[in-house]
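Read through the structure below, which is laid out as structure tokens, and then see the notes.
The values are calculated or read from the model by the stated rules, or taken from the named source; none is laboratory data. From a predicted model like this one, the values you see are computed outputs, not experimental measurements. Every residue, glycine as well, gets a Cβ built from its backbone with ideal geometry; the counts of neighbours run over all protein chains shown. Please note that ligands, DNA and RNA were not included when accessible areas were found on the heavy atoms of the full protein model with its side chains. Shrake-Rupley method; radii C 1.70, N 1.55, O 1.52, S 1.80 Å.
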Amino acid sequence: MQQNQKLAKQLMKKSKTARYERFGHLLSLSALLLIMAIVLGIIIFIATKGLSTFFKDHISLKDFFGGVIWNPGTQTPSGQQAVGALPMIVGSFLVTILAAVVSTPFAIGTAVYMTEISPKRGAKILQPVTELLVGIPSVVYGFIGLSVVVPFVRHTFGGSGFGILSGTFVLFVMILPTIVSMTVDSLKAVPKYYRQASLALGATKWQTIWKVVLRAATPGILTAIVFGMARAFGEALAVQMVIGNAALMPHNLVSPASTLTSVLTAGMGNTVMGSLQNDALWSLALVLLVMSLFFNLLVHFIGRKGAFKK
Amino acid sequence: MNRTQKQSRTAILILRLIAGLVVLILAFLIGYIFITGLPNVSWRFLTSPAKAFTAGGGIGIQLFNSIYLLILAMLISLPIALGASIYLNEYAKDNWFTSTIRTAIEILSSLPSVVVGLFGFLLFVIQFNYGFSIISGALTLTIFNLPLLTRNIEEALAGVSDDQRQGGLGLGLSKYETIIHIVVPAALPGIISGIILCSGRVFGEAAALIYTAGQSAPALNFGDWNPFNIDSPLSPLRPAETLAVHIWKINSEGIMPDLTKVSSGAAAVLVLAILIFNLSARYIGRKVFEKMTSVN
Amino acid sequence: MLNSNNPTDRFIYHFNPEETTITMQTKNLEVYYGKTLAMQHADIQFKQNTITALIGPSGSGKSTFLRSLNRMNDDVATVKGQILYQGVDINQPKIDVYEVRRRIGMVFQRPNPFAKSIYGNITFALERRGIHDKRVLDEVVEKTLKQAAVWDQVKDNLHKSALSLSGGQAQRVCIARALAVQPDVLLLDEPASALDPVSTQQLEQTLRELKQDYTIIIVTHNMQQAARLSDYTVFFNLGEAIEYNKTRKVFTRPKIELTDDYVSGNFG
Ligand SMILES: Nc1ncnc2c1ncn2[C@@H]1O[C@H](COP(=O)(O)OP(=O)(O)O)[C@@H](O)[C@H]1O
Ligand SMILES: [Mg+2]
């Protein structure tokens with residue numbers, strides 16, 4: 001019995017190992033909480049700054065989202081504050097949607113080629129090349145846009161060459177590899193027997209691709225497109241280098257225009273913290289942030305709707 | 001041949017054409033970068049400082065800044081990402097707390113980098129008063145880097161067989177010791193590939209840096225490695241324009257007479273660096289794995 | 001199909017504690033995965049320096065039972081009841097699980113050497129416990145590898161990666177690794193299921209020798225192995241211990257019909 005109690009005591013002593021465990025658990029948790037705090041910090045900081053245009057400077061939402069003249073600190077001819085963000089908002093949406101519309105057929109076609117038609121060549125050449133292109137810095141895309149796309153547009157359509165069209169083209173090439181590689185992933189996730197069953201039923205290769213494979217992969221492809229759009233919407237420098245940076249409502253695709261990001265990057269250095277000019281820029285940043293959250297939500301929504309039933 | 005077969009042939013032909021066109025675009029892109037860029041790259045170009053108003057400048061300081069910022073950002077983000085991924089993969093239970101945090105990390109990873117840069121500007125440059133500096137840039141890049149690095153490390157940890165964890169616990173070791181000394185080493189090939197891939201992304205990032213590390217590259221005294229001197233290359237408080245920022249900056253200003261030459265050279269260097277990062281990620285990961293399982 | 005079996009129809013042998021040293025004993029054990037009860041009715045005494053085999057169809061709760069004995073189930077399951085180790089209930093919150101697991105070692109189904117050298121695999125847990133004296137470590141490595149009967153095969157390659165070993169050798173190194181922290185109970189969960197017949201034979205021989213110094217509890221799905229190797233056998237079915245007796249008796253004259261059916265290969 002006495003030996004028994006001695007053993008009990010030994011077994012109940014809190015070991016060094018137990019202390020390690022507590023320490024390690026807390027340490028890794030605090031790293032995670034730090035990231036959480038950063039995310040909250042970003043949202044709170046930018047929301048506070050961005051909202052002060054409306055609460056501190058008393059700009060109305062209508063003037064901000066509906067106005068078409070952007071020159072914060074001055075007044076429009078009709079006597080309103082010139083904080084109309086509509087040109088940039090329209091610019092951002094235009095380049096994003098156009099880039100997605102152009103990219104999507106190319107991306108899907110390429111992805112189908114890589115997985116369904118010539119998987120060998122796909123894996124050998126296209127896969128590594130798309131991976132490399134996903135990683136190419138956006139300034140490089142911007143530079144090529146500036147030295148190839150803008151002159152091309154200028155020669156073909158006249159004008160300066162800067163504008164929505166050039167922005168769209170640069171973004172198209174930029175998000176193409178992203179959409180391709182994500183689409184490839186979702187096509188690969190379609191079980192093999194789907195295809196075999198379809199072919200066995202006498203469907204042609206194309207019918208199998210169109211009616212079976214693409215249909216089964218639709219949620220994944222949609223996610224890929226939304227990711228591409230999110231990237232396009234948030235892209236700053238590549239667009240800023242080719243769009244012309246005129247905060248005007250775009251009248252056509254080849255006149256200088258601007259996006260939220262281009263005005264932000266160009267303007268942030270030239271305004272004084274706390275001024276209306278500066279606050280208005282933060283409001284643009286807030287719009288960017290909200291849109292990014294929206295894209296996130298969209299991805300979640302698609303994911304929930306289309307989770308693969310196995 | 002019936003109608004549907006014809007239709008199938010045509011459709012597949014179109015798909016081939018699309019793929020071919022995309023290959024052409026991609027090939028043109030890469031070819032353009034290297035063919036216009038590489039002739040401008042020389043040892044002198046890589047090592048001499050930039051010139052704002054006259055031709056013949058290099059990218060030496062910017063290149064150094066890019067590398068220095070990359071190293072600092074990685075040194076800061078690695079322990080945080082490692083800790084976070086350990087928690088997520090090894091400790092987190094399947095509950096609302098975990099899913100909230102995962103959502104937060106997803107949000108961070110999809111945030112436009114210009115927004116991250118503006119946050120860095122507010123917090124580090126203004127609030128902490130670090131100014132446009134290496135340290136502001138490195139901290140901002142850390143934020144930019146954390147979500148992807150965390151995800152990559154988590155994936156590597158998830159790839160380690162549960163048998164390994166059981167082995168450690170069965171010896172009476174704590175979960176934490178098991179993770180740090182058994183699981184993490186076993187995941188090392190994947191972790192290293194993840195780090196290198198993230199490095200490529202950080203190396204090419206510009207939007208997060210223009211308002212944090214700044215857009216100027218003051219001359220450095222490469223004879224002085226005392227980080228407390230402001231013209232020392234190591235000084236954390238000096239502004240530091242990187243290679244990627246440099247390309248953007250000279251093109252938006254449009255003053256430099258040979259800016260196309262310099263930009264194309266710099267772009268080629270950037271893409272070459274990314275290419276090396278991509279290739280070495282696979283190669284080094286595989287080598288580490290071979291070393292760990294090797295007979296000798 | 002087994003539902004017709006009367007659940008109280010069990011035979012569990014009990015030792016006389018006055019005459020026998022009981023190393024481990026379970027009382028009123030119940031194991032839950034979430035809300036599902038996976039294991040109950042298994043009041044078993046394990047005699048010192050014997051080999052006890054746990055047999056039964058797959059999913060019958062053998063692993064669940066075994067893993068409860070050194071609290072390896074802590075993270076995944078709720079374990080109720082008493083687990084006595086040398087008379088001390090180790091299934092209490094106050095007990096330090098790490099010390100429990102050190103004393104009650106475990107070897108797993110698939111050999112799981114760490115991504116370290118053979119030497120490093122064995123010394124690792126000791127080093128974590130603050131033992132760094134090279135002489136001591138060298139000694140432990142040699143002693144445990146000899147106990148596990150792989151010393152001759154690996155002694156010239158101690159600094160080779162343990163991941164390069166064959167299945168049989170790796171499993172022995174894992175046994176040596178478990179012995180290095182000086183346990184007195186050794187739990188093995190189907191340790192030979194990933195091994196070829198020759199390695200299995202060698203492993204059994206090793207366990208017979210280890211019996212002199214350790215109390216061994218081994219899960220096996222191989223009835224010949226249980227018959228050859230063990231002194232006592234527990235037969236599990238549907239999460240309950242159905243019969244516990246001397247191995248010879250379980251295999252030749254089982255008291256319960258269900259056991260008879262199982263050992264004569266009529267189901268499972
Ligand atoms: N981690 C777990 N979570 C939930 N149920 C489990 C878990 N492990 C085992 N079980 C269930 O408990 C029962 C007993 O399993 P187990 O102890 O592994 O049986 P055996 O080792 O005899 O094959 C089975 O029904 C199994 O599905
Ligand atoms: Mg089992």
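The combined condition, being modelled with pLDDT under 95, more than 13 Å from ligand 2 (Cβ to nearest atom) and surrounded by fewer than 21 Cβ atoms within 10 Å (Cβ to Cβ), is fulfilled by C:GLY34. Looking at C:ILE175, C:ILE217 in this structure, which one is within 16 Å of ligand 2 (Cβ to nearest atom) and within 14 Å of chain B (Cβ to nearest Cβ)? That would be C:ILE217, the only listed residue that is within 16 Å of ligand 2 (Cβ to nearest atom) and within 14 Å of chain B (Cβ to nearest Cβ). Given the structure, is B:SER161 hydroxyl-bearing (Ser, Thr, Tyr) and either under 24 Å from A:LYS49 (Cβ atoms) or touching a residue at least 40 places away in the same chain (Cβ under 8 Å) (or both)? Answer is no for this residue. The criterion of at least 2 residues that are within 11 Å of ligand 1 (Cβ to nearest atom) is met, among strands (runs of 3 or more DSSP E) falling completely within segment C:7-68, by C:22-33, C:36-39, C:51-55.
Report yes if B:ALA92 is more than 7 Å from every other protein chain (Cβ to nearest Cβ) and crowded, with 20+ Cβ neighbours inside 10 Å, otherwise no. The answer is no for B:ALA92.
With respect to the numbered conditions (1) away from ligand 2 (no atom under 16 Å from the Cβ); (2) farther than 25 Å from C:ARG10 by Cα, which one is the sole condition not fulfilled by C:TYR244? The failed condition is (2).
Selection of segment B:77-113 for residues being among the small types (Gly, Ala, Ser) and assigned to a loop (DSSP other than H, G, I, E, B) yields only B:ALA92. Take the conditions (1) surrounded by fewer than 20 Cβ atoms within 10 Å (Cβ to Cβ); (2) within 9 Å of another protein chain (Cβ to nearest Cβ); (3) within 13 Å of ligand 2 (Cβ to nearest atom); C:MET72 misses just one of them, which is (1). The residues on offer are C:GLN82, C:GLN48, C:GLN86, and the sole one that is in contact with a helix residue (DSSP H, G or I) (Cβ under 7 Å, 6 or more places away or on another chain), open to solvent by 60 Å² or more (accessible area, probe 1.4 Å) and more than 16 Å from ligand 2 (Cβ to nearest atom) is C:GLN86.
For (1) at pLDDT 90 or above; (2) facing chain B (nearest Cβ under 8 Å); (3) closer than 25 Å to C:ARG128 by Cβ; (4) crowded, with 18+ Cβ neighbours inside 10 Å, each residue gets a yes or a no:
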| residue | (1), (2), (3), (4) |
| --- | --- |
| A:GLN2 | no, no, no, no |
| A:LEU11 | yes, no, yes, yes |
| A:LYS14 | no, no, yes, no |
| A:PHE23 | yes, yes, yes, no |
| A:LEU32 | yes, yes, yes, yes |
| A:ILE46 | yes, yes, no, yes |
| A:SER52 | yes, no, no, yes |
| A:LEU86 | yes, no, no, no |
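Considered as a group, the residues in segment C:193-229 that are within 16 Å of ligand 1 (Cβ to nearest atom) and under 12 Å from the mean Cα position of the chain (by Cα) include one that is surrounded by the most Cβ atoms within 10 Å (Cβ to Cβ), and that residue is C:ILE217. Residues that are in contact with a Phe, Trp or Tyr (Cβ under 7 Å, 6 or more places away or on another chain) and closer than 24 Å to B:SER85 by Cβ were ranked within segment B:95-119; the one that is surrounded by the fewest Cβ atoms within 10 Å (Cβ to Cβ) is B:SER110.
If only residues of segment C:104-133 that are part of a loop (DSSP other than H, G, I, E, B) and basic (Lys, Arg) are counted, the one that is nearest to C:LEU203 (Cα to Cα) is C:ARG110.
Per this entry, C:VAL181 is not counted among residues that are farther than 18 Å from C:THR50 by Cβ, surrounded by fewer than 21 Cβ atoms within 10 Å (Cβ to Cβ) and among the hydrophobic types (A, V, I, L, M, F, W, C).
Tell me, please, whether a residue that is away from chain A (no Cβ under 14 Å), within 28 Å of B:PRO112 (Cβ to Cβ) and open to solvent by less than 50 Å² (accessible area, probe 1.4 Å) can be found in segment B:280-290. Scanning segment B:280-290 turns up no residue that is away from chain A (no Cβ under 14 Å), within 28 Å of B:PRO112 (Cβ to Cβ) and open to solvent by less than 50 Å² (accessible area, probe 1.4 Å). When segment A:109-141 is limited to residues that are at the interface with chain B (Cβ under 7 Å from one of its Cβ atoms) and in a loop (DSSP other than H, G, I, E, B), the one that is most open to solvent (accessible area, probe 1.4 Å) turns out to be A:GLY135. What about A:MET268, is it open to solvent by less than 20 Å² (accessible area, probe 1.4 Å), hydrophobic (A, V, I, L, M, F, W, C) and free of Cβ contacts under 8 Å to residues at least 40 places away in the same chain? For A:MET268, the condition - open to solvent by less than 20 Å² (accessible area, probe 1.4 Å), hydrophobic (A, V, I, L, M, F, W, C) and free of Cβ contacts under 8 Å to residues at least 40 places away in the same chain - is met.
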